[in-house]
Amino acid sequence: MRQITEERGNLDLFFLKDLPLEEARSWLMKFKGVGPKTAAIVLCFSLGRPAFPVDTHIYRVTGRIGLRPQKMTVEQAHPYLEALFPPETHYAAHLNLIRLGREFCHARKPDCAHCPIRNLCDYGRAALSKR
């Protein structure tokens, strides 16, 4: 925050709303400790920009339901998933995937039997067929 204050004179990031998305993302990521996830969170949740943050829940869920290639890294998943979802759905898609990951699609012992999208999920169908 000190770096932002030194550069801008305050902590107001609202100026990023008027920059092209990639320019705003690059500006945020030039600061130590700010990676793709943090930049996307600021852009999406604070500024209403069409950015798609990828955290561990989203990475896990999108891999299990087949929305991204299994061997894709988290770094590769950011632009891939951002392009996959329509920009106007980024906020809702992010929140819903997080909820799915927290409530059903746990890292260990996922609750596939109660998952609302189990019929759409290769992982869930495979897990349930083993029972």
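Just so it is clear, none of the values below were taken in a lab; they were calculated from the coordinates. This is a predicted model, so every value here is computed, not measured. Here the Cβ positions follow ideal geometry from the backbone for every residue, glycine too, while neighbour counts run over all protein chains shown.
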Using the basic label-point model (7 angstrom from Cα toward the beta carbon), what is the Asn96 to Lys30 distance in nanometres?
3.7 nm
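When Cys44, Cys105, Cys115 are ordered from fewest to most other Cβ atoms inside 10 Å of their Cβ, what list results?
Details: Cys44 19, Cys105 25, Cys115 22.
Going from sparsest to densest Cβ surroundings: Cys44, Cys115, Cys105.
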Just going by the charge dipole of the stretch 1-127, with Lys and Arg at +1 and Asp and Glu at -1 on Cβ, which of Ala77, Tyr59, Tyr91 is farthest out on the positive end?
Tyr59
From the phi angles alone, apply the Karplus equation (6.51, -1.76, 1.60; θ = phi - 60°) to the stretch 16-28 and give each ³J(HN,Hα) in whole Hz, x where the residue is Gly or Pro.
5, 5, 8, 7, x, 3, 5, 5, 5, 4, 4, 4, 5
Please report, in debye to the nearest 20, how large the charge dipole of the chain is about its Cα centre when each Lys and Arg carries +1 at its beta carbon and each Asp and Glu carries -1 there.
820 debye
When only alpha-carbon atoms are used, what values of Rg and Dmax, in angstrom, describe the stretch 56-109?
10.7, 33
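By how many nm would the segment from Glu22 to Leu84 lengthen if fully extended, with 0.36 nm per residue of separation less the alpha-carbon distance?
Full extension from Glu22 to Leu84 adds 20.7 nm.
If you average the sequence gap of Cα pairs under 8 Å that are 6 or more apart and divide by the length of the stretch 52-131, what percent do you get for the contact order?
Working: 66 pairs, mean separation 28.2, N = 80.
Reported as a whole number, the value is 35 percent.
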Note, the stretch 91-97: 3J(HN,Hα) by Karplus (6.51, -1.76, 1.60, θ = phi - 60°), whole Hz, Gly/Pro = x, goes 4, 5, 4, 4, 5, 5, 5
What 222 nm value per residue comes from the helices of the chain, counting each DSSP H run with n ≥ 4 as -39,500 (n - 2.57) and dividing by all residues, nearest 500 deg cm²/dmol?
-14000 deg cm²/dmol
Counting other C-beta atoms within 10 Å, which of Met1, Met29 has the fewest, and how do the rest follow?
Met1, Met29
Give me the number: length gained by fully extending Arg8 to Lys71, i.e. 0.36 nm times residue separation minus the C-alpha to C-alpha distance, one decimal in nm.
18.7 nm
Summing +1 per Lys or Arg and -1 per Asp or Glu among the other residues with Cβ less than 14 Å from Leu100's Cβ gives +2
In the stretch 21-58, which trypsin sites (Lys or Arg not before Pro) fall in coil by DSSP and have 14 or fewer other Cβ atoms within 10 Å?
Lys30, Lys32
